[in-house]
Amino acid sequence: MPTAGKLLIVSPNLRDHLGHYFETSVSLAEAARRAGWHPVLATHVHCRTEILPTWLESYPLFFTDCPLGHRPADDPFGLDATSALGRVGAKAGQACLNLAWMAERTAYYALPPAIYDLGRIVGYCGMPRWAHPRHYAEVYAAWQDILRRWVVADDEVVNQARPLPETSRRLRDRRQRAKIVQAVRSLVPTGFGIEVEQMLCFQRDLLRFLATAGAGRDDHVLMGTAHPRDAAAAGLAIELLGDHAPTFHLEFLNGLFEGDPAAEASTPSPAVRVRRMFFSLYSHWGASRRIKFYTDSATLARDYETISGARFDVLPIPFRAELISPVPRPPSGPVRLGYFGEARDEKGFPWLPDLAEALRDDYLAPGRARLLIQANVSQPQYNPQSIKALERLRLLSAGEVQLFAAEAPLSPVEYYRMVSQADVVLLPYLNGRYRACTSGVLAEALALGAPPVVPAGTWMADQLPPRGGETFDDFDSFVAAVKRVLDHFASYRAAAQAHRPYWRERHSPDAFVAALFGNRASPSATRLAAA
């Protein structure tokens, strides 16, 4: 059988089966497999591959999942993945990691708990002092400083890159030193030095993944939730790989502007500034035909084209609608109002207790409606209002409000079981923050046929079925919109149900893969069809 072309899915944020990274990665791998491609997945180094399907080739290689402001993890191998030795070393290093993990798990299950715990204590405390990670880092930093003084003559750039280990190391690589120097001079003085480090660490892990997976020029790499620094990293990788480089597809999902794009582009926020600087570096280094840019909404595509000068295509939302099965609602039962996704301030979670108070007398207390709320707060330090709102919601009766995931996150099966119970879906998101961004929760609502309530002037408002949902501008209009849907629920539900086939046809993993490849099958699938 001929070898299939590969779709290499890069998902550095994938650590476990919770959240949309797992769902999106697996669904796209399944769709690519159905289309005749061979899917290969790269995850964060801490992701346990046993949570993934057994048929999915996967490599936990990426150390660079950290958000802005956090230093990426150091490379434990230090090998150049563009060389033959580096490719062998990358495979050997990954094999050693797998063997070490298997040995640790074998000891965990085979040894009595007391002996296992004693072995861990002795093994850790018995190491020489110089082998302790903190002391090793100190010795490594001193050695790096000596090498910088001997090998690199540009004191200005060296001093700027001194706190950035990967950047300092790459300054000694003559192949791309000029580009690294330019990145340091452009970004470090403006306070974005950690972004340069993130870019180079990402490129390091990307090259190792391509080498380990055996990627070639006929293969494709998909980077979801991309950042412009990933484009610069991919450009540097293509330069090193030459004619053997695969084609890269970068999808940008993060919003740029909250109000008038023209005004905010003239006085950009730090997030817009750093993105513009990386796009500028990518363009100055030479845009590659093997790198293609995408978003998942036309408005967001225009925003990115404004700051980059590049073309952005629009991809469907890869949502597996078959995972949602509407739960039949008794004719006399309450209308179930669902709020799904993490409890976050920007997603309007703090409005929910006041909404419950506004609906209590006429809807909740008489049993005409009931709130179903996903209540897990994954980052409480960034969502203080949601923490206070959750405390208020806990005081409401179970007949009025049902809380899900208040103690622990939901698995995918539990999540979709919860979503399937909703009759109406509430999305009290901030208008500006979600002006151009899409919403997976809205995709679930439309696939479910549940009328949604969304902020006006957003992409979400543009997706509403005719007379199949409502919009709002502030809290008062949000409450009024919810009441309108409750008062005329039958007509709203009928319109939303009628819109389901149209939405499901446009947005699915198969539609995503078809759009990504321009409705082209893989090379092997084409050859097999001809045979």
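Taken together, the values in this text are just the output of simple stated rules run on the coordinates, not laboratory data. Remember, predicted model here, so these are calculated numbers, not experimental data. So basically every Cβ, Gly included, is an ideal-geometry build from the backbone, and we count neighbours across all protein chains shown.
The figures follow:
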| item | result |
| --- | --- |
| Where labels lie 7 Å past Cα in the beta-carbon direction, separation of Leu56 and Arg302 in nm | 3.5 |
| Translational diffusion coefficient (Stokes-Einstein; Kirkwood radius from C-alpha pairs) of segment 322-507 at 4 °C, 1.567 mPa s, in µm²/s | 79 |
| Straight-distance crosslink candidates among lysines, where the alpha carbon sits under 29 Å from Lys388 and sequence neighbours closer than 8 are dropped | Lys347, Lys483 |
| For segment 322-507, size of Cβ-based charge dipole, Lys and Arg +1, Asp and Glu -1, in debye | 360 |
| Stretchable slack from Glu505 to Arg175, in nm (0.36 nm times residue separation minus alpha-carbon distance) | 114.1 nm |
| Label point distance in nm, Arg484-Asp313, each placed 7 Å from Cα along Cα→Cβ | 3.8 |
| Cα→Cβ-extended label distance, 7 Å offset, between Ser378 and Leu253, nm | 1.0 |
| In sequence order, calculated HN-Hα J values of segment 265-279 (Karplus, 6.51, -1.76, 1.60; Hz; x Gly/Pro) | 6, 6, 10, x, 6, x, 5, 6, 4, 5, 5, 5, 5, 5, 4 |
| Note, ³J(HN,Hα) from phi for segment 286-295, Karplus 6.51, -1.76, 1.60, rounded to Hz, x at Gly and Pro | x, 4, 9, 5, 8, 10, 10, 10, 9, 9 |
| Mean separation of Cα contacts under 8 Å, 6 or more apart, over the residue count of segment 221-322: relative contact order % | 31 |
| Two-site FRET efficiency, Arg360 against Leu111, from Cβ-Cβ distance with R₀ of 56 Å, rounded to 0.05 | 0.45 |
| Relative contact order for segment 322-507, counting Cα pairs under 8 Å that sit 6 or more residues apart, in percent | 22 |
